[in-house]
Amino acid sequence: MKIAFFDTKNYDIESFDSYIKERNIEVKYFEPKLNIDTVELAKGFDGVCVFVNDYLNKDVINRLYELGIKAIFLRCAGFNNVDLTAAFGKIHVYRVPAYSPYAVAEHAMALYLTSNRRIHKAYNRVKEYNFSLSGLAGNDLYGKTVGVIGTGKIGRIFINICRGFGMKVIAYDLFPIKDSDIEYVSLEELFKQSDIISLHCPLTPETTHIINKDSIALMKKGVAIINTSRGGLINSEDLLQGIKDRKIGTVCLDVYEEESDVFFEDKSGHIMNDETLLQLIAMPNVIITSHQAFLTKEALNNIADTTTRNIVDFFSDKLLSDTEVCYHCGNQANCKRERKAKCF
């Protein structure tokens with residue numbers, strides 16, 4: 001089992017090392033992201049391990065197959081950066097379905113609380129011995145309506161957090177949970193009723209730019225938008241215009257549509273070319289973190305554990321029904337093989 005790890009950071013190496021030694025996996029860590037320019041680094045390996053901003057399109061998949069790569073191991077839950085159709089029949093794809101849904105849901109609320117109560121601004125003031133409260137007024141969460149788009153594990157945990165604050169919760173999901181206590185509404189009604197909208201759905205053709213100029217037009221004036229899922233769920237230019245028009249009151253982002261060349265990297269000594277991101281960062285009612293919602297010790301441990309188990313089980317020819325994804329099922333319940341065999 002010889003695996004090439006791409007887009008690795010110090011915290012990846014620290015969390016994976018003990019599992020790699022324990023499970024006798026040969027690994028080489030690469031700092032660059034996997035894409036068409038770096039794919040040759042995979043030569044001589046049996047599999048590759050990638051993260052959210054590695055880009056595995058058809059050309060990369062085909063070259064990996066030519067190099068003898070047998071499996072792609074995602075150390076994340078999302079798989080929108082992998083061309084599953086191109087991979088089918090050539091390279092198996094595995095992911096980490098749930099590493100710590102609590103980490104992401106908690107970060108989503110932390111972002112909103114920070115922005116709403118101006119904690120980041122108050123912190124900076126006090127560091128300069130400015131104890132004025134001017135401009136720091138926020139809003140009570142109690143009684144507010146929060147609209148949750150996506151009611152998977154993370155979405156449901158976020159719903160429970162909101163209920164703890166006494167908030168009214170409404171939700172939208174393409175696949176509503178049957179016999180649940182969640183109040184589902186249409187997407188249009190969610191946009192109209194919500195004081196706060198939080199995104200917890202995967203990035204699919206149906207959800208791409210689910211937040212856009214048309215949906216923003218339906219929202220309440222002063223609405224808050226939280227996104228800790230995938231950047232492509234929001235049309236960034238439309239979001240920026242909604243802020244400028246004073247329609248959107250608060251924006252909390254842990255992801256960004258064009259983040260792949262920016263997030264996870266130290267760009268403090270560089271001139272930024274992304275004008276939309278620059279303007280978002282400059283807005284006083286926008287708070288952005290660099291895709292760190294997953295970053296807890298518990299989550300990193302779970303990612304390393306599940307990923308290395310995926311590697312060992314795959315090369316031991318064991319069935320990984322819960323973690324394999326393909327274009328037929330997307331790891332949903334409608335798998336044609338009923339999750340009783342590998343996808344091909």
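The values are calculated or read from the model by the stated rules, or taken from the named source; none is laboratory data. Keep in mind that what you see is a predicted model, and the values were worked out from it rather than measured. FYI the Cβ positions are ideal-geometry reconstructions off the backbone, even for glycines, and counts take in every protein chain you see. Side chains are part of the model used for accessible areas, which takes the heavy atoms of the whole protein and leaves out ligands, DNA and RNA. Shrake-Rupley method; radii C 1.70, N 1.55, O 1.52, S 1.80 Å.
For S260, which of the numbered conditions (1) within 21 Å of D54 (Cβ to Cβ); (2) over 13 Å from the mean Cα position of the chain (by Cα); (3) at pLDDT below 95 fails to hold? Here S260 meets the rest and fails (2). Among the residues of region 171-194, those that are open to solvent by 40 Å² or more (accessible area, probe 1.4 Å) and of a type in the set (D, E) comprise D179, D181, E183, E188, E189. Considering the conditions (1) open to solvent by 90 Å² or more (accessible area, probe 1.4 Å); (2) modelled with pLDDT under 95, T204 is excluded by exactly one of them, (1). The residue that is farthest from N80 (Cα to Cα), among those in region 245-289 that are in a helix (DSSP H, G or I) and open to solvent by 30 Å² or more (accessible area, probe 1.4 Å), is A282.
Among the listed residues K247, K221, identify the single one that is within 24 Å of R163 (Cα to Cα) and either at pLDDT 95 or above or of a type outside the set (D, E, K, R) (or both). Within the list K247, K221, the selection yields K221.
Applying a threshold of 6 Å to beta carbon distances and a minimum spacing of six or more residues, or different chains, the list of pairs starting in region 1-26 at a residue that is within 16 Å of L74 (Cα to Cα) and open to solvent by less than 10 Å² (accessible area, probe 1.4 Å) and ending at one that is among the small types (G, A, S) and part of a helix (DSSP H, G or I) reads A4/A42; F16/A304.
Out of F79, F45, F73, F16, I need the residue that is of a type in the set (F, W, Y), part of a strand (DSSP E or B) and at negative phi. Which one? Reasoning before the result, please.
Numbers: F79 fails: part of a strand (DSSP E or B); F45 fails: part of a strand (DSSP E or B); F16 fails: part of a strand (DSSP E or B).
Selected residue: F73, the only one of F79, F45, F73, F16 that is of a type in the set (F, W, Y), part of a strand (DSSP E or B) and at negative phi.
Residue pairs whose Cβ atoms lie under 9 Å apart, sitting 6 or more positions apart in sequence or on different chains, and linking a residue in region 297-322 that is free of Cβ contacts under 8 Å to residues at least 60 places away in the same chain and aliphatic (A, V, I, L, M) to a partner that is open to solvent by less than 70 Å² (accessible area, probe 1.4 Å) and part of a helix (DSSP H, G or I), are L319/D313.
All conditions but one from (1) touching a strand residue (DSSP E or B) at 6+ places or on another chain (Cβ under 7 Å); (2) farther than 18 Å from K2 by Cβ apply to N35; the one that does not is (1). Can you say whether F314 is assigned to a helix (DSSP H, G or I) and either open to solvent by 20 Å² or more (accessible area, probe 1.4 Å) or acidic (D, E) (or both), as far as the supplied structure shows? For F314, the condition - assigned to a helix (DSSP H, G or I) and either open to solvent by 20 Å² or more (accessible area, probe 1.4 Å) or acidic (D, E) (or both) - is met. Scan region 147-170 for residues that are open to solvent by less than 20 Å² (accessible area, probe 1.4 Å) and assigned to a loop (DSSP other than H, G, I, E, B) and the total you get is 3. For F79, the conditions (1) surrounded by fewer than 21 Cβ atoms within 10 Å (Cβ to Cβ); (2) touching a residue at least 60 places away in the same chain (Cβ under 8 Å) are fulfilled apart from (1).
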